[in-house]
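These notes are about the structure you will find just below.
The values are calculated or read from the model by the stated rules, or taken from the named source; none is laboratory data. Worth saying up front: this structure is predicted, and the values here are computed from it rather than measured. A quick note on method: Cβ atoms are made from the backbone with ideal geometry, for glycine too, and the neighbour counts reach across all protein chains shown. Keep in mind that these areas ignore ligands, DNA and RNA; they rest on the heavy atoms of the full protein, side chains included. Shrake-Rupley method; radii C 1.70, N 1.55, O 1.52, S 1.80 Å.
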Amino acid sequence: MINYFFSIIALLLFVPLFILTMIIGILLSYITHSRNFYSLFTHNSCKLLMLSCFQRFNVLGNVPKKENGPYVFMFNHASMFDAFMLGGSIPFYINAIGWEGIFKWPLWGFFAKRYGAYSITHDNTHSAIKTLEAAEKILLQDGDSMILSPEGQRTITGELGEFKKGGFHYVKNTNIASIVPIGLKGAFEANKRTSWKINPGNLTVVFGEPILPLDYKELSVEELRDLTKKRISELLV
């Protein structure tokens, strides 16, 4: 019973704050590029949104320095809190590749489009390849970093799922970004994909050692995928 009470209170705090954050973010995007308000607004808003849901937020490991990038941050996709955990732990602007379904969500989807995120499908390989090719300019031309989930969708069981190869083709094709393995702990317990309930707890982002271009130069896509999955799984222990 107490879990339902906390969930209702958390939603009463989170929903209006989330709506306000999205509206402000969308308005700012018409004034300037998202990278110009990320550090002050987006980064801190993510922390506030987690706090509104009674989540204690922690960051472990070494957050890579922006000047040593660009990076492709890869993580285990556990819950709705993932985006806030990543935004709250990475202090510099990052772009994103996300499942096309989230771009249809009210406010969040429109904000994602205004932010500049890339929509990718899971059902059409040709379309997905085109999206990844378009997103290469983020690393090669803009010099910005990217986040993506190798699993593609949130876990249902809490276990690490199958890693798709698209993101690793993306990394190999550009051959300029370091892969940063990230383990997100506590997110699945805070909110499961199959439930609306929000459980108070601890959200922890664990940064692993980057896999440098020199490290994966001679690796196949499959070998790089398996290495990254191994690194992320080790961070979740």
- Query: Just wondering, is there one or more residues in segment 91-108 that are among the polar types (S, T, N, Q), open to solvent by less than 40 Å² (accessible area, probe 1.4 Å) and either modelled with pLDDT of 90 or more or closer than 21 Å to Ser178 by Cβ (or both)?
  - Reply: yes
- Query: Looking at segment 87-110, which of its residues are in a loop (DSSP other than H, G, I, E, B), farther than 23 Å from Ser127 by Cβ and either out of contact with any His (no Cβ under 9 Å at 6 or more places or on another chain) or not aliphatic (A, V, I, L, M) (or both)?
  - Reply: Pro91, Phe92, Tyr93, Pro106, Leu107
- Looking at Met74, is it touching a strand residue (DSSP E or B) at 6+ places or on another chain (Cβ under 7 Å) and not in a strand (DSSP E or B)? no
- Task: Restricting attention to segment 167-200, report how many residues are of a type outside the set (Phe, Trp, Tyr) and open to solvent by less than 30 Å² (accessible area, probe 1.4 Å).
- Result: 16
- Filter result (touching a Leu at 6+ places or on another chain (Cβ under 9 Å) and hydrophobic (A, V, I, L, M, F, W, C)) within segment 115-131: Ile120
- What helices (runs of 4 or more DSSP H), lying completely within segment 123-237, carry at least 1 residues that are among the aromatic types (Phe, Trp, Tyr)? 166-174, 187-190, 213-216
